[in-house]
Every structure is written in C-alpha cells, then in structure tokens.
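**Student:** I have a structure here, written as structure tokens, and I will follow up with some questions on it.
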Amino acid sequence: MRVFALLFLAFLASGASAIDFSNRYRSPRNAERRVRKSTELIVLHTTEAPARSSLNKLCERGEAHYCVTEDGTVYRIVDRDRVAFHAGRSMWNGKEDADEFSIGIECVGYHDKAMGIVQIRAIRDLVKELQRMYRIPDERVVCHSHVAYGAPNRWQKKNHRGRKRCGMLFAMPSVRAQLNLARRPASDADVRAKRLVVGDDYLRRVLYGNVDTMKSSYPKTPSPSRGQEGGGLLAWLRGDAKKPDTKKPDAGKTQISAKDPPEQKKLVPAPVAPVPPQAPPKSIAELKSRGYVFKGSVTKGVTASKIAGGRWNSKDTYYTIRNKVIPGDAIDPAHIENGMGVWMK
C-alpha cells in the first residue's frame, strides 16, 4: 500500500489538480492567438470596473488569460499557452512586450481597495497552480504596475515607470502574504539600468518600498493553500494520520492538468469585510483640516509635474478648481487646466 501511495503522490505532483473552471467568457479571439514561446511572469491586474462589464470586454478583446471575480469564480478567457493582450506597453528587465512571455490574470476590483478573502484565496490557488506548471518563482509574480511603462509626454520627458497603478495592491507585503508569496521583486532593473526613469514616486514606494495600505484588512496569518493543509496524504505517508479520502471529484467538474488550465474555483466561503478606505476630501477646508498644503497653481509655464514632481498623479496629491477636489490618481492628464491648485502633504 505504501508503494501505491508513493506512486499516487508522484501522480499528484506531476499535474493533477482539482481547481474547477468556467468557459462562459472564453474569448472568440482565442483560436487566432499564437502560442507563446516562453512563460517567465505571472502578471496580476485589477479591472477597475465591475465584473460583468469587465468580463464582456476581456472576452471580446482577448485581453487576459483568466479573470477572478469577487465570489471566487475563475473564468478562462484565453488559453494559458497562447498570447493574451493584457500588458500593453511594457518592459521587464530589458525585454519589451510582456504579452509575449507572461500570463495575465485580471482580478475584479480596484488597485487601492482590499479584496475579500474568498477572492484572494481563488487568486492564490490559481497563481500557485500556474507557478507549479511553469516553474515561476514568487518574485516573478508581479502586478501590471511592475511592467507597464509610459512614453515621453508633456509631464515626463523620458520613458518612465508609472503609466499605470493597475494591480498595485498585489505588490504590498500583506496581500502577498495572503497569496503565500514569500518574495517580491527587490528593485526595478529597468530603472537601475536607466532604460526608464521613475514617473510616479508613490508607486515606486509601493512596489519596492514599505508602503502597505492593506495590512489592516487581512489577518496576519493567512489560511494555507490547497494541498498545504495539515494532515492529508503526506501525513498519512508519514504515519501521522489516517489514510485520506482520495476519491475522484464529482463527475462534471473540469480539472486542471499540465495540458488543461485552471478555471472556475470552488472555495469555502469565509469572507472578511475589508476595512473601507477614508473618503477623499471634498473641499479646500477639508484638505486643510487633514494637513494638506497648497503648493501652487498650474499655469502655462508651470505644469503639475513641476509643482508636485513624480507625485503629480499620486493618490495623496489633490487638485482643486471651481469648488471641485480631484485626487491625483483620478486626474486625466489631458484635463489638467490652468488655474488648478495643487495640494500635498
């Protein structure tokens, strides 16, 4: 029996899995997408929009391999071994066009808001399965902000990191702990090599510094990943427990193997409501009461970036005009007007 068990364990390690999936939003673009030559990264995105509109757009354009919704459902959009157009203008360690060497996972939610535990567990188990299949280390599970870069514009004269904050929360230590990712990228190799410059200092501090706005939203000890729970087959092999139930899952469940990617995930519901973020200030009086200081006004010869530097589009920079208060991370660069006041701490 022990010989059989060892063989069964080897079978499990070689590719068997029990993550369920849905093809409801499989992209009609799938068949026309070429097979990727390599897979070096897993890129996590946030949709910045609700589930239905996001899934419809992803499906229509083939812009991700997977999408994970708030209830823990994992949808396959494009086959995991094909190219999905998810990264846009991107660079990683000198290599441009990350679509050619990465898997893209869209997560329904926002870059600066905590996600529920059910969704986090679904993302975690999908990521772990893909890491196992492609032998991707933790530090190569990145967010879109890690790889996206911007072309020169009127605010930044060079190619720069900071075009998007998409997926930014997945760089934060508290969230990575929930995903059972022990390591993250230590620094930006493209900035170090002067291929890019820093265009968003707040984002840089999130990606590579100690900014973590999510740590109050999650327990310090994350629940174990599937297959890492106490007991189970390994414990039985050691003689520490009774033989586990190794029956096949119910018929009708589609399982992932090395030839068939993971999708719609079943999870034990144990939601924990995230801590709601503080509402942004709505008036100049409220800005002042929170410690913000007026730094200057945008004019024809004085741009927002001259006033605020790399923090011109930071979430803790605010613009005021006509009794409106606009956060920096929501400002449209094309709509920065002369006369706008810039407020910072």
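The numbers here are math on the coordinates, done by the rules we state, and not lab data. None of these values were measured; they are calculated from a predicted model. We place every Cβ from the backbone using ideal geometry, glycine too, and count neighbours over all the protein chains shown.
**Student:** Longer than 25 Å from Cα to Cα, which of LYS215/LYS315; LYS57/LYS220; LYS295/LYS324; LYS95/LYS164 are they? Say none if no pair is. Working shown, then result.
**Tutor:** Numbers: LYS215/LYS315 18 Å; LYS57/LYS220 35 Å; LYS295/LYS324 17 Å; LYS95/LYS164 18 Å.
Those over the limit are LYS57/LYS220.
**Student:** Between GLN156 and residues 5 or more places away or on another chain, which pairs have amide H atoms under 5 Å apart, with H built 1.01 Å from N, and which residues are they?
**Tutor:** Residues meeting the amide H criterion: none.
**Student:** Then there's this: Would you tally the net charge around LEU169, using a Cβ to Cβ cut-off of less than 10 Å, leaving LEU169 out, and scoring K and R as +1, D and E as -1? Each step should come with its number before you reach the end.
**Tutor:** Numbers: positive: LYS113, ARG165, ARG176; negative: ASP112, ASP212.
Cβ neighbours under 10 Å give a net charge of +1.
**Student:** Let me ask something else about it. Taking 56 Å as R0, compute the FRET efficiency from the Cβ-Cβ separation of LYS300 and ALA186 and round it to 0.05.
**Tutor:** Computed FRET efficiency for LYS300 and ALA186 comes out at 0.85.
**Student:** Shifting gears a bit: At what distance in nm do the modelled label points of ASP316 and LYS282 sit from each other, each positioned 7 Å from its Cα along Cα→Cβ?
**Tutor:** Taking the two extended label points, one gets 2.4 nm.
**Student:** While we're looking at this one, here's another question. Between ASP71 and ARG132, what is the spin-label point distance in nm, taking each point 7 Å from the Cα along the Cα→C-beta axis?
**Tutor:** 2.6
**Student:** Also, I was wondering about something else. Can you tell me the FRET efficiency between SER216 and ARG52 if r is taken as the Cβ-Cβ distance and R0 is 30 Å, rounded to the nearest 0.05?
**Tutor:** On the way: r = 30 Å, r/R0 = 0.99.
That gives a FRET efficiency of 0.50.
**Student:** So how do 143-150, 67-74, 132-139, 78-85 stack up, highest first, on mean other-Cβ count within 10 Å?
**Tutor:** 143-150, 67-74, 78-85, 132-139
**Student:** Taking a ≥ b ≥ c as the square roots of the Cα gyration tensor eigenvalues, with a/c under 1.5 meaning rounded and otherwise prolate when a/b beats b/c, else oblate, which class fits segment 47-149? Before the final figure, lay out the partial values.
**Tutor:** Details: a/c = 1.45, a/b = 1.25, b/c = 1.16.
It is rounded, given that a/c, with a ≥ b ≥ c, falls under 1.5.
**Student:** Can I ask one more? Can you tell me how much longer the chain between ASP81 and ARG205 gets when fully stretched, taken as 0.36 nm per residue apart minus their C-alpha distance, in nm with one decimal?
**Tutor:** Gain on extension, ASP81 to ARG205, equals 41.4 nm.
**Student:** Sorted by packing (mean other beta-carbon atoms within 10 Å per residue), highest first, where do 202-212, 27-37 land? Walk me through the numbers before you get to the answer.
**Tutor:** Numbers: 202-212: 18.0, 27-37: 13.5.
Packing order, densest peptide first, comes out as 202-212, 27-37.
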